[in-house]
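Structure first, commentary second.
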Amino acid sequence: MSTPMVDVRGVHKSYGPLEVLRGVDLRVQAGEVTVVIGPSGSGKSTLLRSINHLEKIDRGYVTIDGEFVGYRRSGDRLYELRERDILRQRTHIGFVFQNFNLFPHLTVRQNVTEAPVSAQGRPRDEAEALATELLAQVGLSDKAGAYPRQLSGGQQQRVAIARALALRPKVVLFDEPTSALDPELVGEVLEVMKALARSGTTMIVVTHEIGFAREVADTVVFMDAGRIVEQGPPPQVLDRPRHDRTRAFLSKVL
Amino acid sequence: MTAPAVIEEEAAESAGSLTVVKARHPGRWIAGAVVAVLLAMAVNALITNPAWDWPVVGAYLFHPSVLHAVLFTVELTALGIVLGFLLGTVLALMRLSRVPLLTSVAWGYVWLFRSVPLILQLLFWYNLAALYKQISFGVPFGPAFFSVDSMELIGPVTAAALGLALHQAAYAAEIVRGGFLSVEPGQLEAAAALGIPRARQILRIRLPQAMRSIVPAAGNEIIGLVKGTSVVYIMALPELFYQVQVIYNRNGRVIAMLLVAAIWYLVLTTVLSAAQYYVERRFGRGLARALPPTPVQRARRILTVRRAARRQRLAANGGGQR
């Protein structure tokens, strides 16, 4: 078996006395889509934020394409990286937020070109061309000059996806990308994500959209109380869950 | 089935043949008239009372010595604001940093310079030479490479600019810090998640969004400082307020000269207020769905609406009554 694109090993994370992640192991192969489901407070978002080091983990480690995230290994020691190096690592990891977090004072096009130019040092015309291509891919070519607040929630999230893809990341993390959207806008975002999955992008998606998981996921992961309870192909986890907690959760959301 | 039909009939009637009579507001007219009369009285009192000495005001308004004083006031203000906000921004960043010593030094600075009255601070700087005769540059606590006389290094103008800037920096630090804190945390997370370098995060993402709350407060400060420079008169520097005092001590036209100064302060603050409006507009981009119109655009719009209404009225009168 090849080395996984994302390798999460024994990750622990506490906020004060509250233990949010209690030893999480997760492997995601290149080109795979992993969907993480679970009740709120189960640690799904924290896990996702640990993968790109937005949260510093207390124990365990994460590697992306064999590289330690947030640390440098020398022998059997892990040295904490400086912020500059962590920022450089993050350019390999796309992140899509629940609340989009687009930069409101920049146009759609500037939102997409900002990181490729300033974080990766790409030439501006190359970044512009890439932005044009990505905005077409998410169906927003005509909105390049608009400001985020002039767009609907669904359109904003599609811009956010284009912005994440502009870094040409090795993996894209989605943190409940449709939870802040009006119901009729969820579909357009999921369509973009499905197309992305079909094109072979490695994705980890935290979501409550069970239908999306069933249709797109290679692996569904069910988390509860800071642990992965079970994982497997969608039919196995969603239709024949082995654990009571999975069954209880699914009976509520389906 | 019958009820909706009746309502429809009524609606058709009101839309077609009923005339709308606008409500009268006699109270508004009376209030308007009272204020108009009071205003006219005030203007009359200003113009007709010879004690205001308008001819003297006119003679001195553009007098070279007054113009020089205005220029000096502008220079002092500019120095105070630019240096003050530069240092203030550094202090704000120190305060927001993760280094405890930097945080507390920044806090201490703001505490000290906000607590001591400006006039006192200015006098301290003015008298610095009495405290430290020489200022040396070299290794801290070690040998000095060269020294200068405090008197030479810090003349009255430098002392004034320095005093204003250092005092201003304390306020500016809090304004800039407040602006930075007003930026939604999600914005910084997004910038960090995209791997945007730290300095770029501050300049490109954080500062422009902070400016929206910094600019109104900074506008206040600048306008405050324009007038605040008048405190410098205690150092006998020829800014506007000191200069008019010099003139009225000579010619005895106290009121007229104070008016000259007041007019110039009005002019300066008016220009600054207008500038502030446009700067705010600039940083409001993308934050409202559409930018508010500029005064010029607004005036033009009102005129077109009026004109259209009048045309409509004429058309209605012509068609309806004959």
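The values are calculated or read from the model by the stated rules, or taken from the named source; none is laboratory data. Computed from a predicted model, the values in this text were never measured in an experiment. So basically every Cβ, Gly included, is an ideal-geometry build from the backbone, and we count neighbours across all protein chains shown. To get the accessible areas, we keep the full protein, side chains included, count just its heavy atoms, and leave off ligands, DNA and RNA. Shrake-Rupley method; radii C 1.70, N 1.55, O 1.52, S 1.80 Å.
Screening the candidates B:Ser273, B:Ser213 for the property of being closer than 28 Å to B:Gly186 by Cα, under 17 Å from the mean Cα position of the chain (by Cα), open to solvent by 30 Å² or more (accessible area, probe 1.4 Å) and not aromatic (Phe, Trp, Tyr) yields one hit, B:Ser213.
In this structure, is B:Ala31 under 30 Å from B:Arg313 (Cβ atoms), at pLDDT 80 or above and small (Gly, Ala, Ser)?
Yes.
Number of residues in the range A:97-128 that are open to solvent by 10 Å² or more (accessible area, probe 1.4 Å), over 16 Å from B:Ala193 (Cβ atoms) and either facing chain B (nearest Cβ under 8 Å) or outside any helix (DSSP H, G or I) (or both): the value is 5.
Screening A:Gln156 against (1) at pLDDT 95 or above; (2) more than 9 Å from chain B (Cβ to nearest Cβ); (3) more than 19 Å from A:Glu209 (Cβ to Cβ) leaves a single unmet condition, (3). Filtered by the rule that a residue be surrounded by fewer than 24 Cβ atoms within 10 Å (Cβ to Cβ) and within 7 Å of chain B (Cβ to nearest Cβ), the range A:85-96 gives A:Leu87, A:Arg88, A:Thr91. Only a single item in (1) of a type outside the set (Val, Ile, Thr); (2) assigned to a strand (DSSP E or B); (3) surrounded by 15 or more Cβ atoms within 10 Å (Cβ to Cβ) is not met by A:Gly10, and it is number (3).
Filter the range A:172-198 down to the residues that are touching a residue at least 40 places away in the same chain (Cβ under 8 Å) and out of contact with any helix residue (DSSP H, G or I) (no Cβ under 8 Å at 6 or more places or on another chain) and list them by number. Hit for the range A:172-198 is A:Ser179, nothing else. With the structure loaded, tell me whether A:Tyr71 is open to solvent by less than 70 Å² (accessible area, probe 1.4 Å), away from chain B (no Cβ under 12 Å), of a type outside the set (Asp, Glu) and out of contact with any Pro (no Cβ under 6 Å at 6 or more places or on another chain) or whether it fails that test. Considered against the rule, which asks whether it is open to solvent by less than 70 Å² (accessible area, probe 1.4 Å), away from chain B (no Cβ under 12 Å), of a type outside the set (Asp, Glu) and out of contact with any Pro (no Cβ under 6 Å at 6 or more places or on another chain), A:Tyr71 comes out as yes.
Among (1) away from chain A (no Cβ under 14 Å); (2) in contact with a helix residue (DSSP H, G or I) (Cβ under 8 Å, 6 or more places away or on another chain), where does B:Asn220 come up short? B:Asn220 satisfies every listed condition except (2).
Taking the range B:99-112 as the range and being hydrophobic (A, V, I, L, M, F, W, C) and either at pLDDT 95 or above or open to solvent by less than 60 Å² (accessible area, probe 1.4 Å) (or both) as the test, the residues that pass are B:Leu101, B:Leu102, B:Val105, B:Ala106, B:Trp107, B:Val110, B:Trp111, B:Leu112. For the range B:232-247, the condition of being surrounded by 13 or more Cβ atoms within 10 Å (Cβ to Cβ) and within 14 Å of chain A (Cβ to nearest Cβ) holds for none of the residues. Residues of the range B:187-210 that are assigned to a helix (DSSP H, G or I) and open to solvent by less than 10 Å² (accessible area, probe 1.4 Å): B:Gln187, B:Ala190, B:Ala191, B:Ala193, B:Ile205, B:Ala210. In this entry, A:Phe212 passes the filter for residues that are closer than 28 Å to A:Pro241 by Cα and out of contact with any Ser or Thr (no Cβ under 6 Å at 6 or more places or on another chain). Going residue by residue through the range B:79-98, is there one that turns out to be outside any helix (DSSP H, G or I), open to solvent by less than 70 Å² (accessible area, probe 1.4 Å) and without any contact (Cβ under 8 Å) to a residue 24 or more places away in the chain? Within the range B:79-98, one or more residues are outside any helix (DSSP H, G or I), open to solvent by less than 70 Å² (accessible area, probe 1.4 Å) and without any contact (Cβ under 8 Å) to a residue 24 or more places away in the chain.
Residues that are open to solvent by less than 60 Å² (accessible area, probe 1.4 Å) and closer than 28 Å to A:Arg90 by Cα number at least 1 in the following helices (runs of 4 or more DSSP H) confined to the range A:165-254: A:183-198, A:210-216.
Per-residue answers, yes or no, for (1) free of Cβ contacts under 8 Å to residues at least 40 places away in the same chain; (2) more than 18 Å from A:Leu165 (Cα to Cα):
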position: A:Lys44; (1), (2): no, yes
position: A:Ile57; (1), (2): no, yes
position: A:Val69; (1), (2): yes, yes
position: A:Ala115; (1), (2): no, no
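Scanning the range A:129-141 for residues that are part of a helix (DSSP H, G or I) and within 14 Å of A:Val159 (Cα to Cα) turns up A:Leu130, A:Ala131, A:Thr132, A:Glu133, A:Leu134, A:Leu135, A:Ala136, A:Gln137, A:Ser141.
For B:Pro197, the test of being within 22 Å of A:Thr113 (Cβ to Cβ) and either over 28 Å from the mean Cα position of the chain (by Cα) or not β-branched (Val, Ile, Thr) (or both) is passed.
Condition first: within 23 Å of B:Gly80 (Cβ to Cβ), assigned to a helix (DSSP H, G or I), modelled with pLDDT under 80 and open to solvent by less than 90 Å² (accessible area, probe 1.4 Å). Now tell me which residues in the range B:129-156 satisfy that. B:Ala129, B:Ser150, B:Leu153, listed by residue number. For the range B:181-203, which residues satisfy the criterion of being of a type outside the set (A, V, I, L, M, F, W, C) and within 7 Å of chain A (Cβ to nearest Cβ)? Passing the criteria: B:Gly186, B:Gln187, B:Glu189, B:Gly195, B:Pro197, B:Arg198, B:Arg200. Among the residues of the range A:129-149, not a single one is of a type outside the set (Val, Ile, Thr), within 13 Å of another protein chain (Cβ to nearest Cβ), closer than 24 Å to A:Val6 by Cα and surrounded by fewer than 20 Cβ atoms within 10 Å (Cβ to Cβ).
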